Amino acid sequence: MPLFEELSERGDGLCELCGSAKQLGVYAVPPAEESVLDCSVLVCATCKMQIEQPELADPKHWYCLKESMWSEVDAVKVVSYRMMHALKSEPWSAELLDMLYLDEETLAWAKKTIKDQKAN
């Protein structure tokens, strides 16, 4: 089964971050060098653009993190962590970041591409 179909099945045909059903695609979570199920997330075009350019992130769009951060899928939790970190100046995001628990391996993955690792 192609990866897009596997991700679509896993995410019920919705963006695994915000729940949108529009313009879905595969996002390989860095530092993954190739798209594989365990290192990929089904995302909408809006999420993908803002993940790749966090300086353009619309904080209101990312309120969805309060749901996606509890995903059973590590790749979804990693992207949620990274976006909360990018938006940590928003009080709601800082609060969610404080609540999120990631095991050591997943946390290390989440921090791999964050330049400023001083703040959790």
Candidate set: the range 16-36, residues that are out of contact with any Cys (no Cβ under 7 Å at 6 or more places or on another chain) and at pLDDT 95 or above; chosen: the one surrounded by the fewest Cβ atoms within 10 Å (Cβ to Cβ): A21
Criterion (closer than 22 Å to A32 by Cα and open to solvent by 20 Å² or more (accessible area, probe 1.4 Å)) met by exactly one of E105, E95, E90: E105
Pairs where the first residue, in the range 1-27, is acidic (D, E) and the second is loosely packed, with under 15 Cβ neighbours inside 10 Å and part of a helix (DSSP H, G or I), C-beta under 7 Å, 6+ apart: E6/L37
Lone unmet requirement of (1) surrounded by fewer than 18 Cβ atoms within 10 Å (Cβ to Cβ); (2) in contact with a Ser or Thr (Cβ under 8 Å, 6 or more places away or on another chain) for L7: (1)
Selection from the range 69-117 of residues that are in contact with an Asp or Glu (Cβ under 6 Å, 6 or more places away or on another chain) and in contact (Cβ under 8 Å) with a residue 60 or more places away in the chain: V76
Matching residues in the range 80-109 - criterion: being among the polar types (S, T, N, Q) and under 13 Å from the mean Cα position of the chain (by Cα): S80, T106
Residue match in the range 12-30 (condition: more than 13 Å from S71 (Cβ to Cβ) and out of contact with any strand residue (DSSP E or B) (no Cβ under 9 Å at 6 or more places or on another chain)): yes
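The values are calculated or read from the model by the stated rules, or taken from the named source; none is laboratory data. Fair warning: this is a prediction, and the values are worked out from it, not measured in the lab. Reconstructed Cβ throughout: ideal geometry from the backbone, glycine too, with neighbour counts over all protein chains shown. Just so you know, the surface numbers come from the protein's heavy atoms only, side chains and all, with ligands and any DNA or RNA stripped out. Shrake-Rupley method; radii C 1.70, N 1.55, O 1.52, S 1.80 Å.
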